[in-house]
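The values are calculated or read from the model by the stated rules, or taken from the named source; none is laboratory data. All of these numbers come straight from a predicted model, not from anything done at the bench. Glycine also receives a Cβ, built like all others from the backbone with ideal geometry; neighbour counts cover every protein chain displayed.
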Ligand SMILES: C[S@@+](CC[C@H](N)C(=O)[O-])C[C@H]1O[C@@H](n2cnc3c(N)ncnc32)[C@H](O)[C@@H]1O
């Protein structure tokens, strides 16, 4: 399939999946390769025939939806964000939890891919924050729509390229080097619970001090779905809780009840009056 054929197909199909072309423009090669493979499986010689096929087989839309998942991630992705979380954001949230007589800081990583993001949080907590908050635990819920991602996350072993941005002491303390690569040690796995969940359909019942929603909703979802998701996410934050989005992302206009903590780093805080 030629690039322009794939672009035409995606520009037609993505809005029907409530996704947006702008998010996929730079990463389309991955998606186009998968769609090409799917066309071969279905015996369709040309991309335009996939239009007709989708019209005739509505169940195919969920197959295409799966083909459109981008799962790039790595530990400590966007170093400055995690530094700020450690020095200030998580620190203040932990202080707030202690002041409220709570036993845990609760975090939610949405679109957690193979676990790089929630494990980074667990490492940050154990090595950076826990010594300063001996009475406080940290619980991290990590959700992803993709079952294979969740399975990989539970395995918790990674190639060197996934851990290359981690500070050396984090790497040395939190990982075992094995034949399977760099494997997260048990104490850093223990705070993290992985769950297969589609943010478009379900959100957890809990209230969180910190929610990471990076490089998924505000990159790939269409405007209306972004707004709806943002509202649901904000409702899951405790008063003065923090939301972190991707460093190249922005929240929809009028971002319901959030104020910037650091707009540059994509950190927001729930306003008191919501
Ligand atoms: C690009 S990765 C981002 C990983 C991590 N948050 C980061 O920034 O490094 C996007 C992840 O979101 C997941 N995802 C996509 N749509 C989703 C949905 N509707 N609900 C939950 N997760 C979703 C994908 O499966 C993928 O693992």
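Among the residues of the stretch 93-119, how many are touching a helix residue (DSSP H, G or I) at 6+ places or on another chain (Cβ under 9 Å) and within 16 Å of the ligand (Cβ to nearest atom)?
Count: 12.
Confirm whether residue 234 is in contact (Cβ under 8 Å) with a residue 40 or more places away in the chain, away from the ligand (no atom under 11 Å from the Cβ) and closer than 20 Å to residue 81 by Cβ. Please lay out each step first, then the result.
Values: in contact (Cβ under 8 Å) with a residue 40 or more places away in the chain: yes; away from the ligand (no atom under 11 Å from the Cβ): yes; closer than 20 Å to residue 81 by Cβ: yes.
The answer is yes for residue 234.
For the stretch 239-257, which positions are crowded, with 20+ Cβ neighbours inside 10 Å and not in a loop (DSSP other than H, G, I, E, B)? I'd like the intermediate steps shown before the answer.
Taking the stretch 239-257 first, the residues crowded, with 20+ Cβ neighbours inside 10 Å are 241-245, 251.
Matches in the stretch 239-257: 241, 242, 243, 244, 245.
Assuming residue 225 fulfils every condition listed in (1) surrounded by 17 or more Cβ atoms within 10 Å (Cβ to Cβ); (2) within 14 Å of the chain's Cα centre (by Cα) apart from one, which condition is it?
(2)
If I filter the stretch 78-92 for residues that are within 16 Å of the ligand (Cβ to nearest atom), surrounded by fewer than 16 Cβ atoms within 10 Å (Cβ to Cβ) and closer than 30 Å to residue 5 by Cα, do I get at least one hit?
Checked the stretch 78-92: no residue is within 16 Å of the ligand (Cβ to nearest atom), surrounded by fewer than 16 Cβ atoms within 10 Å (Cβ to Cβ) and closer than 30 Å to residue 5 by Cα.
Only residues that are closer than 17 Å to residue 76 by Cα and without any contact (Cβ under 8 Å) to a residue 24 or more places away in the chain: list them for the stretch 170-186, please.
Scanning the stretch 170-186 gives 171, 172, 175, 185.
What tally of residues in the stretch 97-108 results from selecting those that are in contact (Cβ under 8 Å) with a residue 12 or more places away in the chain and over 26 Å from residue 202 (Cβ atoms)?
Let us first name the residues in the stretch 97-108 that are in contact (Cβ under 8 Å) with a residue 12 or more places away in the chain, namely 97-98, 102-108.
Right, trim to over 26 Å from residue 202 (Cβ atoms) and you get 98.
Residues meeting the conditions: 1.
Taking the conditions exactly as written (touching a residue at least 24 places away in the same chain (Cβ under 8 Å) and in contact with a strand residue (DSSP E or B) (Cβ under 9 Å, 6 or more places away or on another chain)), does residue 94 satisfy them or not? Before the answer, list the steps.
Working: touching a residue at least 24 places away in the same chain (Cβ under 8 Å): yes; in contact with a strand residue (DSSP E or B) (Cβ under 9 Å, 6 or more places away or on another chain): yes.
Yes: the conditions hold for residue 94.
Could you tell me which of the residues 32, 112 is assigned by TED's automatic domain parsing to the domain that holds residue 183 and closer than 25 Å to residue 199 by Cα?
Numbers: 32 fails: assigned by TED's automatic domain parsing to the domain that holds residue 183.
After ruling out the rest, the residue left standing is 112.
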